[in-house]
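Here the structure comes first, spelled out in structure tokens, and everything after it is commentary.
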Amino acid sequence: MAASQDVMLSFCVDTTKVCNCVEVRFIDKVKGKGLFAKKAIKKGDTIFVERPLVSSQFLWNSQYKYKACEYCLSALETAQDNARRLSGNPGLSLPHTELCKVRPELHQACPQCQVMYCSNECRQAAADQYHRALCLGCLETSSIMLMARMVATVKQAQDKYCWQKLFFQLCSRAANEEEEIAHKLLGEKFQGFRSLFALVGTNGQGIGTSSLSQWVQACDALELTSQQREQLDSFIDQLYKDIEKETGDFLNCEGSGLFLLQSSCNHSCIPKAEASFPNNNFLLHLSALSDISPGEEICISYLDCCQRDRSCHSRQKLLRENYLFVCSCPKCVSQMDELDLTSSEEEEEEEEDDMEEEITDV
């Protein structure tokens, strides 16, 4: 089932701008779709901004006292409250608190199940899309909630076929087809639950939101004297040291979402673009990491920076296990004939993974 450009761009914030900038093309039966530049894109440019078809925060957010809007995933804590909790300092006072964009007075709870939203608009949007079918339910993990919201979205929709078609566009590779899994699963008979796990697992995009991070970015944009800038930077540096000592690396409200246009971006170990969430909500910003020429494919990386620095053998192992494909990007092709050498750290991690697999099998 071929998707029109209008369908693929339908969840972008500015569809006219995006339509003039990029297009989705079918590459082959192995790679499926790909995203290509229609004009020159400069390093640092925002290629598009897109909202997800569905999104959900992770269960551990509430376990670790992170609070986020159930619809748009924006952090519900003010930057100051967030900094106090993460640093373990209840008396901490942030400078320039007026830069925090969180508005607690606008927050609303669902009258029935009491889940929280950042605004009445988000509460109503969730109710209109999926929440009426899920209210008072007990499905709580992110992958399960993504799938539950997909099914609930189709169940509530007046135009069920339209939503089935949108979800089906995520099934771009042969490994995910299985007789049009999204259409089969989201039709009248919800069969192939394992296939839906594959759909979410291979297309889910991690989302991270933080009111504190947004406050820091706003502070960076302030026009200050040299002395004021030095004092503010010193305060922020010390704050993050205190947070690292108290909390560690888990700083954001985290979740996952399914993004229609972003899902057409293929992987490369030398990515041309990356996704981020600078607005403290589920809006995905795809930005160029380098200049991109007209007609060039826009690839992202499914691996983080540390993973991309590993050997070709380790990168391919991660991609096979987590995304079910073998990478043929220029970096991997150039290293394909090299010996499969891994660092001692990589070998230790692989041994741990193998031991965990053996324990699971037992």
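The values are calculated or read from the model by the stated rules, or taken from the named source; none is laboratory data. Here the structure is a predicted model, which is why all the values come from computation and not from measurement. Here the Cβ positions follow ideal geometry from the backbone for every residue, glycine too, while neighbour counts run over all protein chains shown. Heads up: the accessible areas ignore ligands, DNA and RNA and are worked out on the full protein's heavy atoms, side chains in. Shrake-Rupley method; radii C 1.70, N 1.55, O 1.52, S 1.80 Å.
Identify, from the list 26, 58, 36, the residue that is of a type in the set (Phe, Trp, Tyr), in contact (Cβ under 8 Å) with a residue 12 or more places away in the chain, open to solvent by less than 30 Å² (accessible area, probe 1.4 Å) and more than 30 Å from residue 231 (Cα to Cα).
The unique qualifying residue is 36.
Quick test for you: out of 230, 246, 254, pick the one residue that is under 22 Å from residue 77 (Cβ atoms), of a type outside the set (Phe, Trp, Tyr) and more than 14 Å from the chain's Cα centre (by Cα).
246
What tally of residues in segment 214-247 results from selecting those that are within 15 Å of residue 89 (Cα to Cα) and either of a type outside the set (Asp, Glu) or surrounded by 13 or more Cβ atoms within 10 Å (Cβ to Cβ) (or both)?
Of the residues in that region, 11 qualify.
Quick one: in segment 328-346, of everything that is assigned to a loop (DSSP other than H, G, I, E, B) and open to solvent by 40 Å² or more (accessible area, probe 1.4 Å), which residue is modelled with the highest pLDDT?
For segment 328-346, the residue satisfying everything is 328.
Out of segment 312-327, which residues are within 21 Å of residue 298 (Cβ to Cβ), at pLDDT 90 or above and out of contact with any strand residue (DSSP E or B) (no Cβ under 9 Å at 6 or more places or on another chain)?
315
Just give me the residues in segment 296-317 being surrounded by fewer than 19 Cβ atoms within 10 Å (Cβ to Cβ) and farther than 17 Å from residue 32 by Cα, in sequence order.
Selection gives 304, 305, 306, 307, 308, 309, 311, 313, 317.
For residue 299, are the conditions met, namely being in contact with a His (Cβ under 7 Å, 6 or more places away or on another chain), within 26 Å of residue 53 (Cα to Cα) and modelled with pLDDT of 90 or more?
yes
Sort out which residues of segment 39-55 are hydrophobic (A, V, I, L, M, F, W, C), closer than 27 Å to residue 209 by Cα and either open to solvent by 20 Å² or more (accessible area, probe 1.4 Å) or touching a Cys at 6+ places or on another chain (Cβ under 9 Å) (or both), and write them in order of number.
Scanning segment 39-55 gives 41, 47, 48, 49.
Residue-wise test of (1) in contact (Cβ under 8 Å) with a residue 24 or more places away in the chain; (2) under 22 Å from residue 246 (Cα atoms).
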position: 50; (1), (2): yes, no
position: 68; (1), (2): yes, yes
position: 88; (1), (2): yes, yes
position: 91; (1), (2): no, yes
position: 114; (1), (2): no, no
position: 130; (1), (2): yes, no
position: 149; (1), (2): yes, no
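Give just the number: which of (1) open to solvent by 40 Å² or more (accessible area, probe 1.4 Å); (2) touching a residue at least 60 places away in the same chain (Cβ under 8 Å) does residue 266 not satisfy?
(1)
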